[in-house]
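Some notes on the structure that comes next.
Read-outs throughout are calculated quantities, based only on the coordinates presented, and are distinct from any laboratory measurement. Keep in mind it's a predicted model, so treat the numbers as computed, not measured. Note that each Cβ is placed from the backbone with ideal geometry, even for glycine, and that neighbours are counted across all protein chains shown.
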């Protein structure tokens, strides 16, 4: 676990700023990515950049590496040299968080058969009109939940729609496990 990230979740002043600014910034992201009244897929990339900006603001440019090759399957940013994946989800459920988009269904199946968590996750739960949250899920917790559930139950191809996406199925289990064991 990257202990250096903890001030983001423990310093009262930082928490207040996040609670005040993040919803406003995410609302702007949704407005910017709307077409014909529907929020487009690019909202995820915009939200990701907002979180990266938060990390740069809090920890300084020299501690946040943003030049990550597009070929890196999970890594969105590095903080103090540690890889982090940024995930966001709108709504009140924790299921269906997109783990990866692939080129085609064949690559999705291959990824599903070889996947193992490889970096920490910053997860942002957006629940307009209700409680959301900003969570840090260390790699160690993900690996324990992955081991407990097995690959088939940890990630899944969606049953409907495009078969190029893999969903992280048990993010809530990881959060619950981490909180119960005081890792999050």
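Here are some notes:
- Highest average packing first - 121-128, 60-67, 143-150, Cβ atoms within 10 Å: 121-128, 143-150, 60-67
- Taking the C-alpha atoms of the range 3-180, convex hull volume expressed per residue in Å³: 132
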